[in-house]
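Notes to accompany the following structure.
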Amino acid sequence: MRFAKIVFLVAGIYGLVILSPLYFLEATIGRQTPPAIAHPEYFYGFLGAGLSWQVLFLALSKDPVRYRAMILPSVLEKVSYGIALIVLFSQHRLAVSVLAIGSVDRIFAFLFIAYFKTKPDRAAI
């Protein structure tokens with residue numbers, strides 16, 4: 001269970017570190033990777049949803065056995081973003097640097113699944 005606690009803690013902190021600064025970078029992103037963000041409600045909605053998941057990962061890091069039912073939705077969160085990046089990259093709509101950074105989500109998805117497949121420790125429940 002120590003492994004799971006560390007994985008979810010690292011995932012939550014990593015996500016907060018990566019996503020939080022984006023709240024202040026809308027204009028910069030528009031300048032560096034045109035066109036500018038045309039629908040900021042989607043941009044900020046994505047950030048809000050993403051940050052919410054990071055808080056869930058932090059909660060999971062405290063007691064993975066208790067919150068075990070939230071691990072599969074957590075895997076879905078990681079996999080859905082990773083698949084979207086692969087599709088966009090295959091359509092030549094995404095830079096390789098973004099695909100590389102997004103690969104971290106696929107790694108976390110694998111680690112989440114690895115923990116979920118282990119039997120829960122009944123003594124810890």
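The values are calculated or read from the model by the stated rules, or taken from the named source; none is laboratory data. Since we're looking at a predicted model, the values are computed, not measured. Here the Cβ is made from the backbone with ideal geometry for all residues, glycine too, and neighbour counts use every protein chain on show. Quick note on the areas: whole protein, heavy atoms, side chains included, nothing else; ligands and nucleic acids left out. Shrake-Rupley method; radii C 1.70, N 1.55, O 1.52, S 1.80 Å.
Out of Ala4, Ala59, which single residue is of a type in the set (A, V, I, L, M, F, W, C), in contact (Cβ under 8 Å) with a residue 60 or more places away in the chain and open to solvent by less than 70 Å² (accessible area, probe 1.4 Å)?
Going through Ala4, Ala59 in turn, the sole match is Ala4.
Go through the residues of the range 85-95 one by one and say whether even a single one is of a type in the set (Gly, Ala, Ser), farther than 30 Å from Ile6 by Cβ and over 12 Å from the mean Cα position of the chain (by Cα). Let's see the steps before the verdict.
Kept after step one, since they are of a type in the set (Gly, Ala, Ser), are these residues of the range 85-95: 90, 95.
Next cut, farther than 30 Å from Ile6 by Cβ only: 90, 95.
From what is left, the residues that are over 12 Å from the mean Cα position of the chain (by Cα) are 90, 95.
Checked the range 85-95: at least one residue is of a type in the set (Gly, Ala, Ser), farther than 30 Å from Ile6 by Cβ and over 12 Å from the mean Cα position of the chain (by Cα).
Within the range 33-56, which residues are open to solvent by 70 Å² or more (accessible area, probe 1.4 Å) and among the polar types (S, T, N, Q)?
Thr33, Ser52 - these are the residues of the range 33-56 that are open to solvent by 70 Å² or more (accessible area, probe 1.4 Å) and among the polar types (S, T, N, Q).
Of all residues in the range 42-83, count the ones that are more than 13 Å from Gly15 (Cβ to Cβ) and among the acidic types (Asp, Glu).
Summing the residues that are more than 13 Å from Gly15 (Cβ to Cβ) and among the acidic types (Asp, Glu) in the range 42-83 gives 1.
Mind checking which residues of the range 62-86 are open to solvent by less than 40 Å² (accessible area, probe 1.4 Å) and over 19 Å from Lys117 (Cα atoms)?
Within the range 62-86, Gly82, Leu85 meet the criteria.
Hey, Ile71 hits all of (1) more than 17 Å from Met1 (Cβ to Cβ); (2) touching a residue at least 12 places away in the same chain (Cβ under 8 Å) but one; which does it fall short on?
Going through the list (1) more than 17 Å from Met1 (Cβ to Cβ); (2) touching a residue at least 12 places away in the same chain (Cβ under 8 Å), Ile71 breaks only (1).
Could you tell me which residue of the range 11-32 is least open to solvent (accessible area, probe 1.4 Å), considering only residues that are free of Cβ contacts under 8 Å to residues at least 24 places away in the same chain and closer than 28 Å to Phe110 by Cβ? Give the derivation first.
At the first step, the residues of the range 11-32 found to be free of Cβ contacts under 8 Å to residues at least 24 places away in the same chain are 17, 21, 24-32.
Within this subset, residues satisfying the condition of being closer than 28 Å to Phe110 by Cβ are 17, 21.
Numbers: Val17: 97, Pro21: 59 Å².
Residue satisfying both the conditions and the ranking: Pro21.
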